[in-house]
Amino acid sequence: MKIILIATISIFFQISAFANIPLDIASGELEFLATGKPSMLKIKGKSNDLNGNLEVKNKKLSGTIIVKIDSFDTGIDLRNKHMKEKYLETEKYPEATLSIQDLAVSDDFENKLDSKEAPFTGTLEFHGVKKAVEGTFQIQKGKLNANFKIQLKDFAIPVPSYLGITVADIVDVQTTALIQKKAL
């Protein structure tokens, strides 16, 4: 009886260890695309300053991805300055945080860090506003891709305009992050 109890406790702890997989974001990139009016203008920007923590528990991925807003770069210094100071107010709102919960992952996720493309719903905290966002995510060999759209007005950001050229209110966001198992 004692041996069965010890074996049962041992198996329980082994299963529990695999049921909760803490993950770190090792590196990543966030890209955004804002289409202008006229539509021939495409403003691309990116940031390589991502961090966050994810966790898989009971075949569900949850956690946060954080980006430093001041690290956004569009390739043009004056546009960067206007974007950061006038529109995004990076001194007041230095980070954006995407929180995700209960994204289904495969049975063998722990071994391969892979999942199929699937829809997700999360919460984006950006420019002092928390708002639900929807998009798609996929993880392939430890590389997480999340794509979604935001409306600037939903986050109390005025639509940027300069010399008669206006940016559309909807911005496409693509996040790519390399994830790895957290060292215990």
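General remarks:
- Being closer than 16 Å to VAL167 by Cα, at pLDDT 85 or above and surrounded by 17 or more Cβ atoms within 10 Å (Cβ to Cβ) is a property that holds for LYS84.
Residue-wise test of (1) within 20 Å of ASN48 (Cα to Cα); (2) touching a Phe, Trp or Tyr at 6+ places or on another chain (Cβ under 9 Å); (3) aromatic (Phe, Trp, Tyr).
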{"residue": "GLU85", "(1), (2), (3)": "yes, no, no"}
{"residue": "LEU88", "(1), (2), (3)": "yes, yes, no"}
{"residue": "LEU103", "(1), (2), (3)": "no, yes, no"}
{"residue": "LEU113", "(1), (2), (3)": "no, no, no"}
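So that you can scan it fast, the table gives a plain yes or no per residue for (1) under 16 Å from VAL171 (Cβ atoms); (2) in contact with a helix residue (DSSP H, G or I) (Cβ under 9 Å, 6 or more places away or on another chain); (3) small (Gly, Ala, Ser); (4) touching a residue at least 12 places away in the same chain (Cβ under 8 Å):
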position	(1), (2), (3), (4)
LYS57	no, yes, no, yes
ARG79	yes, no, no, yes
GLU85	no, no, no, no
ALA118	no, no, yes, yes
GLY142	no, yes, yes, yes
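- Among the residues of region 155-184, just one is under 18 Å from the mean Cα position of the chain (by Cα) and among the acidic types (Asp, Glu), namely ASP172.
- Residue in region 146-164 that is touching a residue at least 60 places away in the same chain (Cβ under 8 Å) and among the small types (Gly, Ala, Ser) present: yes
The values are calculated or read from the model by the stated rules, or taken from the named source; none is laboratory data. Fair warning: this is a prediction, and the values are worked out from it, not measured in the lab. Cβ sites come from the backbone with ideal geometry, for glycine too, and all protein chains shown count toward neighbours.
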